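Here's the structure, in structure tokens; my notes come after.
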Amino acid sequence: MTSWLDSLLPAVLAALALPQYSLATVFVVALLSGTLLPMGSEPVVFGLITLNPAQFWPVILAATAGGTTGGAFTWLMGYGAERAYVRVTARTPREHRALAWLQRFGPKACLLSWLPGIGDPLCGVAGWLRLPFWPCVLYMAIGKGARYVIFTAVLFWMFPGRTV
């Protein structure tokens, strides 16, 4: 079974590297990294822009759309988890402060969805608290889009041989 998978993987990776699939690949990788899965999409975004600088904005838009869709899925998972959860009133004071903070800022807190480590769970907690879906998605898109632009600009600044 493993040898079959090992022979399939290079073919799949080669197919995903083709220009007609590159934006779809960025979208899927950003979607997966926009959920609670522990992965990042920045290397894919940076790599594709490095290979094809003319595609800067389409790649940024595809990554933003994928990351935002992943955040929306995480919001929906939080919403569903809250509905399925039998409420336990014993929460720590720290949890009460965090939930109160999130409720105070509302959907605008989803601007922080770009932060590594806490951004994706933040989307889930926003769903858990039943914050309005579309405003949360809008703020996720703004935060994630700004992240891709800033991270890519910083990487190009750090590696000056690469130009856009």
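The values are calculated or read from the model by the stated rules, or taken from the named source; none is laboratory data. Just so you know, these numbers come straight off a predicted model, no measurement behind them. Methodologically, a virtual Cβ is constructed for each residue, glycine included, from the backbone with ideal geometry; neighbour enumeration extends over all protein chains shown. When the accessible area is computed, the model is the full protein with side chains, heavy atoms only, and any ligands, DNA or RNA have been set aside. Shrake-Rupley method; radii C 1.70, N 1.55, O 1.52, S 1.80 Å.
Okay, here's what the table says:
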item: Within the stretch 77-103, considering residues that are outside any helix (DSSP H, G or I) and among the charged types (D, E, K, R), the one modelled with the highest pLDDT; result: R91
item: Residue within the stretch 138-157 that is among the hydroxyl-bearing types (S, T, Y) and open to solvent by less than 50 Å² (accessible area, probe 1.4 Å) present; result: yes
item: In the stretch 99-111, the residues that are more than 14 Å from T68 (Cβ to Cβ) and open to solvent by less than 60 Å² (accessible area, probe 1.4 Å); result: L99, A100, L102, G106, A109
item: Residues of the stretch 34-50 that turn out to be outside any loop (DSSP other than H, G, I, E, B) and either without any contact (Cβ under 8 Å) to a residue 24 or more places away in the chain or closer than 14 Å to C123 by Cβ (or both), as a count; result: 3
item: Matching residues in the stretch 112-129 - criterion: being touching a residue at least 24 places away in the same chain (Cβ under 8 Å), touching a Ser or Thr at 6+ places or on another chain (Cβ under 9 Å) and surrounded by 21 or more Cβ atoms within 10 Å (Cβ to Cβ); result: S113, G119, D120, C123, G124, A126, G127
item: Selected residue (only one of T50, T35 is among the hydroxyl-bearing types (S, T, Y) and open to solvent by less than 30 Å² (accessible area, probe 1.4 Å)); result: T35
item: Of the criteria (1) at pLDDT below 65; (2) hydrophobic (A, V, I, L, M, F, W, C); (3) open to solvent by 50 Å² or more (accessible area, probe 1.4 Å), which one A15 fails; result: (3)
